[in-house]
Amino acid sequence: MAHVRDIMQKNVITIEYDKTAHDAASILKEKEISFLVIIKDEKPIGVISERDIVQKVTAEDQKASSVLIEDIMSKKFRWVSPDTPIEDAVQKMLNNNIRRLIILEDEKLVGVITQTNLAEFLRSKLLINGMLDNIDSEKS
């Protein structure tokens, strides 16, 4: 059985909690990513996504350079450990209607998995299973 550590992204882009929505948006644009993990005292305390910035800053006609991340971030982020079976991580994402999971080990950020990671994993698994089925049918 595969575990989260087998598919997680280890290079997670973070931002300090006392930065602004403009700072976050700039990093999102520069790195071409859709979310950041918010850090305080070297520990993750929340996440902020493009959606958060659109809904809580732009749609409210606020000035991004005046809005603190801490005021608009999602504080109730979901997480799993690297040893979590992938099936359990998928279930957690589905149950909570979320697109990404933070990976923590001893309260430290060690990675993230996204819907894209899961889709790539599933695609590989389906391709491998298809090849095995073809080999089995050729032997028959």
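Just so it is clear, none of the values below were taken in a lab; they were calculated from the coordinates. A quick note: this is a predicted structure, and the numbers were derived from the prediction, not measured. All Cβ positions, glycine included, derive from the backbone under ideal geometry; neighbour counts span all protein chains shown.
Enumerate the lysines that Lys92 could reach by cross-link, defined here as Cα to Cα under 28 Å, with residues fewer than 8 away along the same chain left out.
Leaving aside lysines fewer than 8 places away in the same chain, those within reach of Lys92 are Lys10, Lys31, Lys40, Lys43, Lys56, Lys75, Lys76, Lys108, Lys125.
Using the alpha-carbon centroid of each, what span in Å lies between the stretch 1-53 and the stretch 54-120?
About 8 Å separates the Cα centre of the stretch 1-53 from the one of the stretch 54-120.
Given (i) 1.48; (ii) 1.10; (iii) 1.07 as candidate values of Rg/Rh (Cα atoms, Kirkwood Rh), which corresponds to the one derived from the coordinates?
It is the one labelled (ii).
In nm, to one decimal, how far is the Ile135 label point from the Glu87 one, both placed 7 Å along Cα→Cβ?
Inter-label distance under the simple model: 2.3 nm.
Only counting other Cβ atoms within 10 Å, I'd like Phe35, Phe77, Phe121 sorted with the fewest neighbours first.
So the ranking, lowest neighbour count to highest, is Phe121, Phe77, Phe35.
So, R0 is 35 Å and r is the distance between the beta-carbons of Phe121 and Thr58; what FRET efficiency does that work out to, to 0.05?
Numbers: r = 33 Å, r/R0 = 0.96.
Efficiency computed from Cβ-Cβ geometry: 0.55.
Between Lys43 and Asp106, what length in nm is gained on full extension when 0.36 nm per residue of separation is reduced by their alpha carbon distance?
Full extension from Lys43 to Asp106 adds 21.6 nm.
Most exposed first by the Cβ proxy, i.e. fewest other Cβ within 10 Å, how do Asp83, Asp88 rank?
Numbers: Asp83 11, Asp88 14.
Fewest-to-most ranking of Asp83, Asp88: Asp83, Asp88.
Return the Cα extents of the stretch 1-43 along principal axes one, two and three, sorted largest first, each rounded to a whole Å.
41, 26, 11
If you take every DSSP beta bridge fully contained in the stretch 4-139, what fraction is antiparallel? Give it as a percent rounded to 5.
So the antiparallel bridges amount to about 75 percent of the total.
Which angle between 0 and 90 degrees, to the nearest 10, do you get for helix 21-31 versus the longest principal axis of the chain when only C-alpha atoms count?
Orientation of helix 21-31: about 40 degrees from the principal axis.
What is the dipole size for the chain, taken about its Cα centre, with +1 at each Lys and Arg Cβ and -1 at each Asp and Glu Cβ, in debye to the nearest 20?
In debye, rounded to 20, the chain gives about 200.
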